[in-house]
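Below: the structure, in structure tokens.
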Amino acid sequence: MQVEETPLKDCFIIKPDIFKDKRGLFLESYHKKKFIELTGIEREFVQDNQSISKRGVLRGLHYQIGEFGQTKLVRAIYGKVLDVVVDLRPDSPTFKKSFKIILDDKNLYQLYIPKGFGHGFVTLSETSVFAYKCDQYYYPGYEAGIIYNDPDLAIDWEFPEAEMIISDKDRRQPRFKEVFS
């Protein structure tokens, strides 16, 4: 396993060791002891989630607030997504900055997203299967979001907006400046 820093504080790309032969491949998708050794971060993940999305589905930008904020370790099991995170921690040196990465079933990368970050992705392949490990349970009363096309964040989703499939809930999320004024 290799850990690569992103431009955002405390957010990491996790590159697994992949063992390929004529049968296919093998990798450890998570190894707590190695993760701690390489990052210095100890997290206990308590909930695993999975979504299946069609091409053009955009999910995000989501986060949980307060004591129920979630740290996530995310990956594309199948297909290809553009994954986007935004640092929403007001006291962070990378506050309001975003980072994006392609996660797919070819590179098999994962993204470690600390609590206090907004997270979203858009499916670029015909279908994607996306997995999330979370260190906190989901609590509906503590969910929050920022509108995906907020002009103050200026995220290029690298997908035509007219072709995106977006839930009504995600279309109604507030703008960044409404939440962080």
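Taking the stated definitions as given, is Phe95 out of contact with any helix residue (DSSP H, G or I) (no Cβ under 8 Å at 6 or more places or on another chain), among the aromatic types (Phe, Trp, Tyr), surrounded by 13 or more Cβ atoms within 10 Å (Cβ to Cβ) and without any contact (Cβ under 8 Å) to a residue 24 or more places away in the chain? Against the criterion (out of contact with any helix residue (DSSP H, G or I) (no Cβ under 8 Å at 6 or more places or on another chain), among the aromatic types (Phe, Trp, Tyr), surrounded by 13 or more Cβ atoms within 10 Å (Cβ to Cβ) and without any contact (Cβ under 8 Å) to a residue 24 or more places away in the chain), Phe95 qualifies.
Applying the criterion of being in contact with a strand residue (DSSP E or B) (Cβ under 6 Å, 6 or more places away or on another chain) and part of a loop (DSSP other than H, G, I, E, B) to the residues of the stretch 157-172, the residue that is nearest to Val86 (Cα to Cα) is Trp157.
Name the one entry in Ile77, Ile102 that is touching a Lys or Arg at 6+ places or on another chain (Cβ under 8 Å), of a type outside the set (S, T, N, Q) and either free of Cβ contacts under 8 Å to residues at least 60 places away in the same chain or over 27 Å from Glu161 (Cα atoms) (or both). Criteria check complete, one pass: Ile102. Are any residues in the stretch 71-127 among the polar types (S, T, N, Q) and either part of a strand (DSSP E or B) or in contact with a strand residue (DSSP E or B) (Cβ under 9 Å, 6 or more places away or on another chain) (or both), and if so, which ones? The answer is Thr71, Thr94, Ser98, Asn107, Gln110, Thr123, Ser125, Thr127.
Can you tell me which residue among Arg89, Arg43 is at pLDDT below 95 and of a type in the set (Lys, Arg)?
Within the list Arg89, Arg43, the selection yields Arg43.
Contact list please: Cβ distance under 8 Å, first residue in the stretch 165-178 and closer than 14 Å to Leu58 by Cβ, second residue hydrophobic (A, V, I, L, M, F, W, C) and in a strand (DSSP E or B), pairs at least six apart or on different chains. Correct list of pairs: Ile165/Val57; Ile165/Leu58; Ile166/Val57; Ile166/Leu58; Asp170/Leu58; Gln173/Leu61. Can you find a residue in the stretch 99-112 that is basic (Lys, Arg), surrounded by 16 or more Cβ atoms within 10 Å (Cβ to Cβ) and more than 20 Å from Gly66 (Cα to Cα)? Within the stretch 99-112, one or more residues are basic (Lys, Arg), surrounded by 16 or more Cβ atoms within 10 Å (Cβ to Cβ) and more than 20 Å from Gly66 (Cα to Cα).
The values are calculated or read from the model by the stated rules, or taken from the named source; none is laboratory data. Predicted model only: the values in this text are computed from it and were never measured. Neighbour counts are summed over all protein chains in view; Cβ atoms, including those assigned to glycine, are modelled from backbone coordinates with ideal geometry.
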